[in-house]
Every structure is written in C-alpha cells, then in structure tokens.
1. With respect to Leu154, determine if the residue is of a type in the set (A, V, I, L, M, F, W, C), closer than 22 Å to Gly4 by Cβ, assigned to a helix (DSSP H, G or I) and at pLDDT 85 or above.
2. Of the residues in region 1-36, how many are under 18 Å from the mean Cα position of the chain (by Cα) and either hydrophobic (A, V, I, L, M, F, W, C) or part of a helix (DSSP H, G or I) (or both)?
3. Restricting attention to region 1-20, which residues are surrounded by fewer than 20 Cβ atoms within 10 Å (Cβ to Cβ) and in contact with a helix residue (DSSP H, G or I) (Cβ under 9 Å, 6 or more places away or on another chain)?
4. Answer with yes or no whether Gly72 is within 26 Å of Gly103 (Cα to Cα) and at pLDDT below 85.
5. Kindly indicate which of Pro105, Pro131, Pro92 is in a helix (DSSP H, G or I) and either within 14 Å of the chain's Cα centre (by Cα) or over 19 Å from Val229 (Cβ atoms) (or both).
6. Mind checking whether some residue in region 198-220 is at pLDDT 80 or above and not aromatic (Phe, Trp, Tyr)?
7. Leu195 versus (1) modelled with pLDDT under 80; (2) surrounded by 14 or more Cβ atoms within 10 Å (Cβ to Cβ); (3) not in a helix (DSSP H, G or I): which is the lone unmet condition?
Amino acid sequence: MMTGSYLILALGIAVLLNLGNRWLRILGQLLAAIALFFNIWSIWLAVEDGTFAAARAQAGQVLALKAMGLAGTAALLALLLLLPGQWRTATPAHGHNTRQAWGQPSRILHWASAVLMLCALPMGLFVVVLPAGAIRAEFLDGHQGVGLAVLLLLILRLGWQAVTRGPDSPNAMARLNKSALYALLAALPVSGLLLSGALPVPVLGLALPAPLGLEAARGLHQILSALFVAAFAAHASAVVWHHFGLSDRKLFRRMLR
C-alpha cells in the first residue's frame, strides 16, 4: 500500500513537471512542494518528539536525519522560488531522446526515481531506529518496495537509453558522476535484499536466503547509502551551478520543461 502510493505520487509529479500546459506544470511543482513539506515534517517530528532518543539512535543517525531535513528545506525553497518560471511557454518533449535533450520517457523515469529516493532515504533511517512492531514493519515494507521500484525504473531507463541515445555528459566528471549514480541506484536495492535475507523478515511476503551476516549486510547498505547521498549532492550542486552560476540554462532544460 505504501509502496504503491509513493510510486503513483512519483510518477504523477514526474509526468506533470514535463507537460506543455503551464497549469499542469505548476500543479506538478506544487504537488512536489507539498510532498517535500510532509517529508520534512515527518523528519522534524522524528527528531523533536523523542522517537530517535527513545530508540537510542546513534549521534550519526540523528545528524544524518537532520541533514536530510535541511537539504529538503533547501529543495522546498528552491521549488517555490522557481515556481513563477513555470508560467513560461514550453513545448512538449519528444517521445524519443535526441542529442540535445532527453525525451519524455527518460524525463519521467529520471524524476520519478529522484522522488522515490528522497522518500526511501529517511524511511531507511526510520527502520534502523524504530523498535520492533507494526510501525517499523510498515516502514520496512515500504522501504523495500520503494527500493525495488527504483531498481525497476532504472532497468527501464537504461533499456530506453539503449534504444534511443540521449545527450552526452558535458565533461568527464559529469560522466563519472552519472555512472556512479546508476551503479548505486542498482546496488542499493540489491544490498537491501541481502540485508533482508540476513533478517528474520520477508521481502514483500517472500522469504529470502541469508548470504551475508546481519552486520556485514547492514554495513554494506549504509556505506552505499552514504555514497549515493554524496553522488546525488554532487550532481545537484553541478546542475545548480551551471544553471545559476554559469547562466547555462541548456543543461537544466535537457531534463525539465
């Protein structure tokens, strides 16, 4: 139920943001802002109501959650500041990729994956610190489902890129960052399955073998999560710098109307 809701939300936002109609694009951006607000609110509640303290969370886990909240707040402000820009006229994206811009399917898969990952990261921290019970089980099931949905979207995205090639990365660092993001988007769900196999819980109702011990699987998943956050931050920072610092609007417009 939770996974389906997040997937519908992510796909809905991704589709609306890249339509030609300005009202639908504005609706998509407002929907993204509202979803981000509730994400930030849930993080704030977890920190402020003593949930993490009661669960004896480590200082690093609390710090990571607070950092996610601050990053989400910055993203929310950016969404609101960029909202008037959606009033401009925009031509709908092509169905296929071109050497100058990504097509509509690639854009939808890209933004849907981004939304799902922004949901999955704090959910993963909630799973780590919440005590065993119905609430933790619900978050765990949702976290696993979102991870598998991200993996499915990645497979579709790479398959579509193999059929219709898109723009090249602007430089070697961008190519390295893109490759790292793709690799981590694949590795994180797989490592999550390994972790689930080490725990006495099913994955979407299915029992998995335990190829790794609990601590090894958990450590691997946490390291990959940290690497993804670093790669994602580098990617977002580069896009923002090109768009605002270098006044290069082309890079941003290749993936968004």
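The values are calculated or read from the model by the stated rules, or taken from the named source; none is laboratory data. Everything numeric here is computed off the predicted structure, so don't read it as measured data. Positions of Cβ are generated from backbone atoms using ideal geometry, with glycine treated the same way; all protein chains shown enter the neighbour counts.
1. yes
2. 25
3. Met1, Met2, Thr3, Gly4, Ser5, Leu9, Leu11, Gly12, Val15, Leu19
4. In short, no.
5. When all the criteria are applied, what remains is Pro105.
6. yes
7. Going through the list (1) modelled with pLDDT under 80; (2) surrounded by 14 or more Cβ atoms within 10 Å (Cβ to Cβ); (3) not in a helix (DSSP H, G or I), Leu195 breaks only (3).
Conditions tested, residue by residue: (1) within 27 Å of Gly20 (Cα to Cα); (2) surrounded by fewer than 21 Cβ atoms within 10 Å (Cβ to Cβ).
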| position | (1), (2) |
| --- | --- |
| Leu109 | yes, no |
| Ala112 | yes, no |
| Leu116 | yes, no |
| Leu125 | no, no |
| Gly133 | no, yes |
| Ala137 | no, yes |
| His143 | no, no |
| Val146 | no, no |
